[in-house]
1. Pull up all non-local amide H partners of Lys657: gap of 5 or more, or a different chain, and H-to-H distance under 5 Å with H placed in the peptide plane.
2. Quick one, which of [x] 2, 11, 17, 19, 17, 13, 10, 6, 3, 1, 0, 0; [y] 2, 10, 14, 14, 13, 11, 9, 7, 7, 6, 4, 2, 0, 0; [z] 2, 11, 19, 23, 22, 15, 6, 1, 0, 0 is the actual P(r) over Cα pairs in 10 Å bins from 0, in percent calculated for this model?
3. Taking +1 at the Cβ of each Lys and Arg and -1 at the Cβ of each Asp and Glu, which of Ile605, Ala275, Gln564 sits farthest along the dipole of the chain towards its positive end, judged by Cα position relative to the Cα centre?
4. Does segment 559-710 come out rounded, prolate or oblate by the C-alpha gyration tensor, with a ≥ b ≥ c the root eigenvalues, rounded set by a/c under 1.5 and, if not, prolate when a/b is larger than b/c and oblate if not?
5. Go through segment 319-327 residue by residue and turn each phi into a ³J(HN,Hα) via Karplus (6.51, -1.76, 1.60, θ = phi - 60°); whole Hz please, and just put x for glycine and proline.
6. Which of the aspartates and glutamates could a cross-linker bridge to Lys280, judged by Cα under 18 Å and excluding same-chain residues fewer than eight apart?
7. Amide H neighbours of Leu38 under 5 Å, at least 5 residues apart or on other chains, H built in the peptide plane: list them.
8. For the chain, what does -39500 (n - 2.57) per DSSP helix run (n ≥ 4), summed and divided by total residues, give at 222 nm, in deg cm²/dmol to the nearest 500?
Amino acid sequence: MAVIWTTTPWTLPANQALNVHPDLNYALVETPQHILLLAQDRVKECLEQYGLEGTVLGTCQGKALERISFWHPLASLDPGYKRLAPIYLAEYVTLDTGTGLVHCAPAYGEEDFKSCKTNGLTDHDIINPVMGDGVYASSLPLFAGQHIWKANANIVKALEQAGTLIKNKSYTHSYMHCWRHKTPIIYRATSQWFASMDKKPSDGKTSLRETALAGIESTLFYPAWGKQRLHSMIANRPDWTLSRQRQWGVPMAFLIHKETGEPHPRTLELLEKIAQLVEKGGIEAWQALDLANLIGDEAKHYEKNRDTLDVWFDSGTTHWHVIRGSHRNALYRKESENKDGRWADLYLEGSDQHRGWFHSSLLTGAMLDGKPPYKALLTHGFTVDGQGHKMSKSVGNVIAPQQVADKLGAEIIRLWVASTDYSGEMSISDEILKRVVESYRRMRNTLRFLLANLADFDPKTHALPVSEWLEMDRYTVALAADLQKTIESHYRNYEFHPAVSKILAFCSEDLGGFYLDILKDRLYTMAPNSPGRRSAQNALFHATQHLLKWLSPFLSFTAEEAWQSYPHFAKRPKSPSIFTEEFGAFPEIADPNGLLQKWQRIREIRSEITKAIEVEREAGKIGSSLQAELSIGLGSSDFALLNSLGSDLRFVTITSKADIFQSNSNAITITVKPSVAPKCARCWHHTNDVGSHAEHPDICGRCVSNLYSDGERRQFV
């Protein structure tokens, strides 16, 4: 006799196997009543508990017992129990309590179920006599119609009658209870609906797993690590359980036989009738349905399936019931218009959706269309506070988007999102938002400067051929055109934070810190319609147009408002919105690479000059840079570079005078001294010709020419 102990006698009618640990030692023990099979280390304690004496006849490891079979303990009472229970090997068997042998009822325990399935039992083989209301089915011998809790005592009596009960003892222990209702619960195998991952379809095509994995290979991932994450989940997942045992959700409107658990033979016909009722009366029509009105006298044998559809199936089919359903007219593209057959360009969600929406959408797309419903997946991280901690109301570190929008404006929320690397956790705090506000002000102020200096620019009459632009204007447009290639690449790959970083750098460094800083003299001192000023406005016109397009994805309202003030092209009607525009091309610049290399070096030298001027300013020797005069020693190549600018060099350095000389060393030497020349009241340059015109004693000759004569001529700056 193989001895087991159990605190749930109600599971014994469904016993189908015994489990032993393969590596434990087991003993055959002779007692006055029976020869018992027990774990060797439990023999002494068990015999004491049973009040028996016995002798060990022999021992062996558990693996030697595999597949030896024993009669069901109630086999002598009813032919319905006349079946053998084989011994299976199971690692989960322990010696903490009991006998070292575990009774196995696969319908009522997860480990039991796995053990029996591993050893070849099919779903059809598993005995499951307990119905959904906790009552034994009418087909169960001896205990039919009894509730399991009441049947416990009757099963113990039956075991005594069969002579297979060694010891009966009341035992108090913890037991599973419903957390909400505080009532005892049972594990019970029920019929569920599955989507097989590996079963080949009847047409001989690939399995669902194979189709889904192939779909992953044809999908773009942002960031790239999402591909391996989703691939691993699909490659290793079990069959998809489509049904869920809960009341809320979309019901799986099947009629199930109360005892056998089999669906009604006319299921397809009945599903259509139920669907028509739901179409008229909503989901409640299923809940209120009286089965007698549907299947007549058969209703007493059937019950409504209480399962609902897995919610991931609901969300996973949005490509079907939204793109090709409720929003068909707005979103749907026919196969002929959608060459690769994907219904969405991009799905984007948090990193948890590799096991959620991304996952279920892939599987349903593979089921219905043989391909994913999306061309690309974008995964973002979660928002955390400035210290990287998860936001929690109880901790008090939650920052509500609406509060930020109310206080700082919605543009700040957008800019924070766009400037943050979404591939990881996204930190936000008041300090971080302050930096975002500063970035916004920098970009907005740049736009204000650009638009203000285009106020009198009319593309119809003031547009100049590129060949007539000053060289620094051509350089700036070439620089912007080169930057646009990078920005477009970032946007195509949904890389917003590097795009924002480069745009901000363009506004603060390339424009504000260099081009516009130098350009102010030309914009403010030259005649309004002079070639030099109009050249500058031509460059600003194109730079502003494209800058607004770059900003529009994340500074939507700012870009749109500025677009309405922008002097649009005369060649076509004014665009109603910046969001109807494409990036487009810049004017073609001759030898753009040469210009970029030349001016990059000029900017590097200018940076050294600016540092030297700042030293003198901090020492109190000069005030503004226009009070400075420079003497710059350069190596041969740098000398030739700056010498090519001629007298325009002082405008690059924003000083009143800049002399250069060629030195024997490649090192740059910079001497800064304060100018002794008088200051022009108009342009603020210090020059010796201030007051040289008696009629204008406070301004320099250059300003007199710009105001009252032909004006100055520049070639470079």
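The values are calculated or read from the model by the stated rules, or taken from the named source; none is laboratory data. Only a predicted model underlies this, so the values are computations on that prediction, with no experimental measurement involved. Positions of Cβ are backbone-derived with ideal geometry, glycine not excepted, and every protein chain shown enters the neighbour counts. With ligands, DNA and RNA removed, areas are computed over all heavy atoms of the protein, side chains included. Shrake-Rupley method; radii C 1.70, N 1.55, O 1.52, S 1.80 Å.
1. Hits under the 5 Å cutoff: Leu630.
2. Derived directly from the coordinates: [y].
3. Value computed over the given set: Gln564.
4. Numbers: a/c = 2.23, a/b = 1.40, b/c = 1.59.
Oblate, since a/c reaches 1.5 and b/c is not below a/b.
5. Using θ = phi - 60°, the values come out as 4, 8, 8, 10, 5, 9, x, 4, 10 Hz.
6. Answer for Lys280, where 18 Å is the Cα cut-off: Glu269, Glu272, Asp290, listed by chain and number.
7. Correct list: Ala27, Val29.
8. Details: 24 runs with 268 residues, N = 717.
Mean residue ellipticity, 222 nm, calculated: -11500 deg cm²/dmol.
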